[in-house]
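Below: one structure, written as structure tokens.
The values are calculated or read from the model by the stated rules, or taken from the named source; none is laboratory data. Just so it is clear, the structure is predicted and the values come from calculations on it, not from any experiment. A quick note on method: Cβ atoms are made from the backbone with ideal geometry, for glycine too, and the neighbour counts reach across all protein chains shown. Ligands, DNA and RNA are stripped out before the accessible areas are found, and what is left, the full protein with its side chains, is counted by its heavy atoms. Shrake-Rupley method; radii C 1.70, N 1.55, O 1.52, S 1.80 Å.
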Amino acid sequence: MSKVIASVAISGAYKIVEKAEAKWKTAMDQWGANEPIGFPNTAYYLPVIYGMLGYKVEKLGDIEFVLKKCRALLPRRLKKSIRYLI
């Protein structure tokens, strides 16, 4: 994979995590950490997270762990000069 493509992918991943963090913070301010989340009338938590990390996300406050894990998985950003060689 070229450095340009990798750089764009990494940049996009940072933007997704940043947007998720912003939405989570807004929800936390509005409803608080003890607000239950999930899929009504099912036994599911957040199935992708539970399947990948084995961590049950039942309340809004539980998402903080997941967001920190996402941040930890992000690779370092490449130099800006590489990003725009297209």
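Filter the range 53-86 down to the residues that are closer than 30 Å to S7 by Cα, part of a helix (DSSP H, G or I) and at pLDDT 85 or above and list them by number.
L53, I63, E64, F65, V66, L67, K68, K69, C70, R71, A72, L73
Residue by residue, here is whether (1) open to solvent by 60 Å² or more (accessible area, probe 1.4 Å); (2) in contact with a Leu (Cβ under 6 Å, 6 or more places away or on another chain); (3) closer than 30 Å to L78 by Cα; (4) free of Cβ contacts under 8 Å to residues at least 60 places away in the same chain holds:
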residue: I5; (1), (2), (3), (4): yes, no, yes, yes
residue: V8; (1), (2), (3), (4): yes, no, yes, no
residue: I16; (1), (2), (3), (4): yes, no, yes, yes
residue: E21; (1), (2), (3), (4): no, yes, yes, yes
residue: G38; (1), (2), (3), (4): no, no, no, yes
residue: Y55; (1), (2), (3), (4): yes, no, no, yes
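Can you pull out the residues in the range 23-36 that are more than 13 Å from the chain's Cα centre (by Cα) and surrounded by 11 or more Cβ atoms within 10 Å (Cβ to Cβ)?
Once the filter is applied, which keeps residues that are more than 13 Å from the chain's Cα centre (by Cα) and surrounded by 11 or more Cβ atoms within 10 Å (Cβ to Cβ), the range 23-36 yields A27, M28, W31, G32, A33, E35.
Out of curiosity, is V48 of a type in the set (V, I, T), open to solvent by 90 Å² or more (accessible area, probe 1.4 Å) and under 22 Å from R71 (Cα atoms)?
Considered against the rule, which asks whether it is of a type in the set (V, I, T), open to solvent by 90 Å² or more (accessible area, probe 1.4 Å) and under 22 Å from R71 (Cα atoms), V48 comes out as yes.
In the range 1-50, how many are small (G, A, S) and not in a loop (DSSP other than H, G, I, E, B)?
9
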